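Worksheet: the structure to be examined is printed underneath.
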Amino acid sequence: MKTEKEKMLSGKPYKAFGEELLSERQHAKELIFDFNALRPKQIEERNEIIKKLLGKTKGQFFIEPPFRCDYGYNIEVGENFYANYNLIILDCAKVTIGDNVLMGPNVAIYAAGHPLHHEMRNQEYEYAFPINIGSNVWIGGNVVINPGVSIGENSVIGSGSVVTKDIPGNVIAIGNPCKILREISQEDKAYYYKNLKFE
């Protein structure tokens, strides 16, 4: 018989308040409390906590406090990762983030969800599906990413979007629900904002 953690990690309905999962979340919260309580100049100490907390980090990353997650061990971030204030990752399933990914403030990544029918929710069932974010992705402020979503490399997700379905690579996507606006082209390289060109 599978444990609740095994069910969680395999995409099956599970209950999160058993001893094992509750203990793991509490452990993560203790580390996160320490991370968020450090003074701004204590960057090395913050990074050491993140290395203990997350499942995988590469050489260069910067996460602005405050930061929140459920377990930490299900989060993998690539090289040169940057997250602005108030990043929340509900990592009840694997959340994989590629290299050179930028996130604006108040980004929320939700691998976890609850059944639609109230009777099943009231029995404390949850589910979780992996989220994958490719390399060179920019996610604007106040974006929500829902369970099971993949975002392809080099794409930009506009501010305030709610990403409910996969987004391919090399596109600008925006809205609620998030939809492709257009492809990113070589012409875009000349501009830094709308019609303003690099000199």
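A short reminder: the numbers here are calculations on the coordinates, not readings from a lab. None of these values were measured; they are calculated from a predicted model. Cβ sites come from the backbone with ideal geometry, for glycine too, and all protein chains shown count toward neighbours.
See the values below:
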| quantity | calculated |
| --- | --- |
| Under Karplus coefficients 6.51, -1.76 and 1.60, residue-wise ³J(HN,Hα) of region 129-141 in Hz, glycine/proline x | 10, x, 10, 10, 10, x, 5, 6, 8, 10, 10, x, x |
| Cα gyration tensor, region 1-136 - rounded (a/c under 1.5), prolate or oblate | prolate |
| Residues with amide H under 5 Å from that of L181, placed H, sequence gap 5 or more | I172, A173, I174 |
| Estimated 222 nm signal from helices in the chain, with DSSP H stretches of n ≥ 4 weighted -39500 (n - 2.57), rounded to 500 | -6000 deg cm²/dmol |
| Neighbour-limited loop hits for GluC sites (Glu not before Pro), region 1-103 (at most 14 other Cβ within 10 Å; DSSP other than H, G, I, E, B) | E79 |
| Per DSSP, loop trypsin sites (Lys or Arg not before Pro) in region 18-83 with at most 13 further Cβ within 10 Å | K41, K58 |
| J(HN,Hα) series, region 167-178, from Karplus relation 6.51 cos²θ - 1.76 cosθ + 1.60, nearest Hz, glycine and proline x | 10, x, x, 6, 10, 9, 10, 7, x, 10, x, 5 |
| Max mean-square fluctuation residue, GNM over the chain, Cα-Cα springs under 10 Å, options D188, D99, D91 | D188 |
| Three-way shape call for region 97-173 based on the alpha-carbon gyration tensor, with the a/c threshold at 1.5 | prolate |
| DSSP loop chymotrypsin sites (Phe, Trp or Tyr not before Pro) with at most 15 other Cβ within 10 Å: longest gap in the chain | 86-197 |
| Among Q60, Q26, Q186: highest mean-square fluctuation, GNM of the chain, C-alpha pairs under 10 Å | Q186 |
| For C69, residues with placed amide H under 5 Å, excluding near neighbours | I89 |
| ³J(HN,Hα), Karplus 6.51/-1.76/1.60, whole Hz, each residue of region 54-65, x for Gly, Pro | 7, x, 7, 10, 10, x, 10, 7, 8, 10, 6, x |
| Region 78-173 - share of DSSP beta bridges that are antiparallel (%, nearest 5) | 10 |
| Whether region 1-54 is rounded, prolate or oblate, judged on the alpha carbon gyration tensor where a/c under 1.5 counts as rounded | prolate |
| Qualifying trypsin sites (Lys or Arg not before Pro) for region 91-199 [loop in DSSP, other Cβ within 10 Å: at most 10] | K194 |
| Pairwise label distance in nanometres, E30 with R121, each label 7 Å out on the Cα-Cβ vector | 3.3 |
